[in-house]
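Here the structure is laid out as structure tokens; the discussion comes afterwards.
The values are calculated or read from the model by the stated rules, or taken from the named source; none is laboratory data. The structure displayed is predicted, hence computed values, not measured ones. Backbone-built Cβ (ideal geometry, glycine too); neighbour counts: all protein chains shown. Just the protein is used for accessible areas: all its heavy atoms, side chains included, with ligands, DNA and RNA removed. Shrake-Rupley method; radii C 1.70, N 1.55, O 1.52, S 1.80 Å.
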Amino acid sequence: MNIELVRLTPEYKEQLFDMLTEWKHDIIVNHTNKSPTKLWINDFHDFEHYMNNLDTKEETEDGRVPDTTLFCLDKDRNIFVGAVNIRHYLNDELLQTGGHIGDGIRPSERRKGYATAMIALALAECKKLGIDRVLMCCDKDNIGSAKSIIKNGGVFENEVVEDDHLEQRYWIQL
């Protein structure tokens, strides 16, 4: 697996459109998870606006904390296979549900080990930001996500109710 996390730049416009078009279709047809939700805040068809508004630079009035969104590039095939959104610190809401890292793999690339490898790369990015203890959360019924978190050192803490479903909380010591 030859992957890296990259920032969105104009050279990756085609990869972004390809991944998000596939993912959006899956969300509509199969009602799948939108994680990381940051991918869906703006319309990716307006690429310039999308690219320039992907990261949150400073805390906002509506409770968003500074974050960085990175895309998982399969360098051998030159495609995006997933994405991560790294929150630079936790506010009360993110401490309860959400955590430091939101991650997701495009539908056609799931169950191939990308999530585990991508989380490992995201944890290295967290370390660069000075985060030494990372909270990751996933829906209780998302067994694949839980396995990827655990394979990266995630230690289960508890479950909380969010929007009528159970969310599991895991801590990873860096």
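Quick one: what are the phi-derived ³J(HN,Hα) couplings along the stretch 128-141, Karplus 6.51/-1.76/1.60 with θ = phi - 60°, whole Hz, x for glycine and proline?
So the Karplus estimates, Gly and Pro as x, are 4, 7, x, 7, 10, 9, 10, 9, 10, 10, 8, 4, 4, 7 Hz.
Going by accessible area, probe 1.4 Å, with all protein chains left in place, what is the ranking of D67, D132, largest first? Before the final figure, lay out the partial values.
Details: D67 10, D132 95 Å².
In descending accessible area the options line up as D132, D67.
Not counting ligands, DNA or RNA, and with a 1.4 Å probe, what is D92's accessible surface area in Å² rounded to the nearest 10?
Surface accessible to solvent at D92 totals approximately 130 Å².
Please list E59, E93 from largest to smallest accessible area, probe radius 1.4 Å, with all protein chains kept in place. Don't skip to the end; give the middle numbers.
On the way: E59 100, E93 130 Å².
Descending accessible area places them as E93, E59.
Heavy atoms only, probe 1.4 angstrom, no DNA, RNA or ligands counted: give me T37, T69 ranked by accessible area, highest first.
Values: T37 100, T69 0 Å².
Descending accessible area places them as T37, T69.
What list of ³J(HN,Hα) couplings, whole Hz, do you get for the stretch 10-16 from phi and the Karplus terms 6.51, -1.76, 1.60, once you set θ to phi - 60° and write x for glycine and proline?
Karplus-based 3J(HN,Hα) across the stretch 10-16 equals x, 5, 9, 4, 5, 5, 5 Hz.
With a 1.4 Å probe and all protein chains kept in place, how much accessible area does R106 have, in Å² rounded to the nearest 10?
10 Å²
Among L129, L90, L121, which one shows the highest mean-square fluctuation when the chain is modelled as a Gaussian network with alpha-carbon springs under 10 Å?
Among L129, L90, L121, the largest mean-square fluctuation in the Gaussian network model of the chain belongs to L129.
Through the Karplus equation 6.51 cos²θ - 1.76 cosθ + 1.60, θ set to phi - 60°, convert the phi angles of the stretch 79-92 into ³J(HN,Hα) values in whole Hz; use x for Gly and Pro.
Whole-Hz 3J(HN,Hα) from phi for the stretch 79-92: 10, 7, 9, x, 7, 10, 10, 9, 8, 6, 7, 9, 9, 4.
Could you pull the Rg and Dmax for the stretch 1-115, using just the Cα atoms, both in Å?
Rg then Dmax for the stretch 1-115, in Å: 14.0, 41.
Which Cα, out of P66, C137, L54, lies furthest along the positive dipole direction of the stretch 54-155 (beta carbon charges, K/R +1, D/E -1)?
Of the listed residues, the answer is C137.
Would you work out which of V29, I101, I3 lies farthest towards the positive end of the dipole of the chain, given +1 charges on the beta-carbon of Lys and Arg and -1 on that of Asp and Glu, about the Cα centre?
Going by the Cα projections, it comes out as I3.
Could you size up the charge dipole of the stretch 31-174 around its Cα centre, putting +1 on the beta carbon of Lys and Arg and -1 on that of Asp and Glu, and report it in debye to the nearest 20?
Roughly 920 debye, rounded to the nearest 20.
Scattering from the C-alpha atoms of the stretch 32-174 alone, worked out with Debye: what is log10 I(q)/I(0) at q = 0.13, 0.17 1/Å?
For the stretch 32-174, the Cα-only Debye profile gives -0.55, -0.98.
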